[in-house]
1. Under 6 Å between Cβ atoms, at least 6 apart or on separate chains: pull out the pairs that start in region 112-126 with a residue that is touching a residue at least 24 places away in the same chain (Cβ under 8 Å) and within 13 Å of LYS82 (Cβ to Cβ) and end on any residue that is among the polar types (S, T, N, Q) and surrounded by fewer than 20 Cβ atoms within 10 Å (Cβ to Cβ).
2. Output the number of the condition that SER76 fails; it satisfies all remaining conditions of (1) modelled with pLDDT under 90; (2) loosely packed, with under 13 Cβ neighbours inside 10 Å; (3) closer than 20 Å to LEU113 by Cα.
3. Looking at GLU49, GLU38, GLU20, GLU28, which is the one that is closer than 21 Å to LYS82 by Cβ and either touching a residue at least 40 places away in the same chain (Cβ under 8 Å) or touching a Pro at 6+ places or on another chain (Cβ under 6 Å) (or both)?
4. Looking at region 25-75 only, could you name the residues that are farther than 16 Å from LYS7 by Cβ, in contact with a helix residue (DSSP H, G or I) (Cβ under 7 Å, 6 or more places away or on another chain) and not in a helix (DSSP H, G or I)?
5. Name the residues in region 34-65 that are over 15 Å from the mean Cα position of the chain (by Cα) and surrounded by 11 or more Cβ atoms within 10 Å (Cβ to Cβ), would you?
6. Which is at pLDDT 95 or above and either within 15 Å of VAL8 (Cα to Cα) or small (Gly, Ala, Ser) (or both), of TYR34, TYR93?
7. Residue by residue through region 89-124, note down the ones that are more than 13 Å from LEU64 (Cβ to Cβ), of a type in the set (D, E, K, R) and part of a helix (DSSP H, G or I).
8. Filter region 76-88 down to the residues that are part of a helix (DSSP H, G or I) and touching a helix residue (DSSP H, G or I) at 6+ places or on another chain (Cβ under 8 Å) and list them by number.
Amino acid sequence: MSMSRRKVREQIFKLLFQVEFHDRDAMETQAGLYFAEEEPAMEEDQKEEILGKLSKVIACLDGLDEKLEDAVTGWSLKRVGKVELAILRLALYEILYDEEVPDSVAINEAVELAKKYGPEEASGFINGVLAKLA
């Protein structure tokens, strides 16, 4: 059974969140552990799709962070919550590099992830930052 784009994005977000706690080079190992624990029934092609996009996002992190740093006026990315940072990185990657995802969808999905996983004010913050960048 194929996984919805939203579900794929959510899995990538959860893995991207872990980047802050692990060496980037160890992320493939972390992803393997994550799949074994959280999604043992997931099909291989779905794992590959998620890992493929995750590695593309991780490869762009420094550039994404630079753009985000400019957009979070008066703030440092170090002060942005880890949940919000993972959501912003994924959405900005989609806006800049993923031709299949329209900007409006990337922003809307980021706001939905923020509502689900972030603190109350996160969705407005994320919407504002991404609106600047899109």
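1. ALA114/SER123
2. Answer for SER76: the failing condition is (3).
3. Sole residue among the options that is closer than 21 Å to LYS82 by Cβ and either touching a residue at least 40 places away in the same chain (Cβ under 8 Å) or touching a Pro at 6+ places or on another chain (Cβ under 6 Å) (or both): GLU20.
4. CYS60, VAL72 - these are the residues of region 25-75 that are farther than 16 Å from LYS7 by Cβ, in contact with a helix residue (DSSP H, G or I) (Cβ under 7 Å, 6 or more places away or on another chain) and not in a helix (DSSP H, G or I).
5. Of everything in region 34-65, those that are over 15 Å from the mean Cα position of the chain (by Cα) and surrounded by 11 or more Cβ atoms within 10 Å (Cβ to Cβ) turn out to be TYR34, PHE35, GLU38, GLU39, MET42, GLU43, GLN46, LYS47.
6. Just one listed residue meets the conditions, TYR93.
7. The answer is ASP103, GLU109, GLU112, LYS115, LYS116.
8. If the condition is that a residue be part of a helix (DSSP H, G or I) and touching a helix residue (DSSP H, G or I) at 6+ places or on another chain (Cβ under 8 Å), then LEU77, LYS82, VAL83, GLU84, LEU85, ALA86, ILE87, LEU88 are the ones that fit.
The values are calculated or read from the model by the stated rules, or taken from the named source; none is laboratory data. Bear in mind the structure is a predicted one, so any value in this text is a computation, not a measurement. Glycine gets a Cβ as well: all are built from the backbone with ideal geometry, and neighbour counts include every protein chain shown.
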